[in-house]
Amino acid sequence: QVQLVESGGGLVQPGGSLRLSCKASGSIFAIYSMGWYRQAPGKARELVAESQSDGNTMYEDSVKGRFTISTEDAKNMVNLQMNSLKTEDTAVYYCNAVIMSHDTWTRSEYWGQGTQVTVSS
């Protein structure tokens, strides 16, 4: 069984910074990608940033230059450093990972429980 546990998030003023972290644990054989999605009230969940096992990263256009995704492979962790935050970044942020576990020997997608990020003055 694989679990993703997020930390970070909270309330910050516009222009401020926050750091989100996510740790994958359990019967992990390989991690193919780790990333972050977000969902604002009344909107669909969207990809914010993703880091793939080959080193490639991708960002949603509105966060380019402000957010940075990084991984700590030895710890099965992914971080999202969010700078110059805007009110429109307010959302629940979800950690996402594509993992092959020892239990299933298939690639499966896993989700964290979500963490609230609120940008407000």
Exercise. Taking into account only those residues within region 53-98 that are in contact with a Phe, Trp or Tyr (Cβ under 7 Å, 6 or more places away or on another chain), under 16 Å from Glu109 (Cβ atoms) and not β-branched (Val, Ile, Thr), which is most open to solvent (accessible area, probe 1.4 Å)?
Worked result: Ser53
Exercise. What about Glu6, is it of a type in the set (D, E, K, R) and more than 18 Å from Ile99 (Cα to Cα)?
Worked result: no
Exercise. Of all the residues that make up region 12-42, how many are over 25 Å from Asp61 (Cβ atoms) and open to solvent by 50 Å² or more (accessible area, probe 1.4 Å)?
Worked result: 3
Exercise. Give me the pairs: first residue in region 8-19 and under 17 Å from Thr115 (Cα atoms), second residue open to solvent by 40 Å² or more (accessible area, probe 1.4 Å) and among the basic types (Lys, Arg), beta-carbon distance under 9 Å, and six or more apart or on different chains, which are they?
Worked result: Gly8/Arg19
For this session: Starting from region 34-60, take each residue that is without any contact (Cβ under 8 Å) to a residue 12 or more places away in the chain and list its partners that are in a strand (DSSP E or B) and of a type in the set (A, V, I, L, M), counting only C-beta distances under 6 angstrom and pairs at least six apart or across chains.
Result: Tyr59/Ala49
Problem set entry | So Ser108, is it exposed (fewer than 15 other Cβ atoms within 10 Å of the Cβ), modelled with pLDDT of 95 or more and either at negative phi or part of a strand (DSSP E or B) (or both) | yes
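The values are calculated or read from the model by the stated rules, or taken from the named source; none is laboratory data. From a predicted model like this one, the values you see are computed outputs, not experimental measurements. Backbone-built Cβ (ideal geometry, glycine too); neighbour counts: all protein chains shown. For the accessible areas, the whole protein counts, side chains as well, though only heavy atoms, and no ligand, DNA or RNA atoms are used. Shrake-Rupley method; radii C 1.70, N 1.55, O 1.52, S 1.80 Å.
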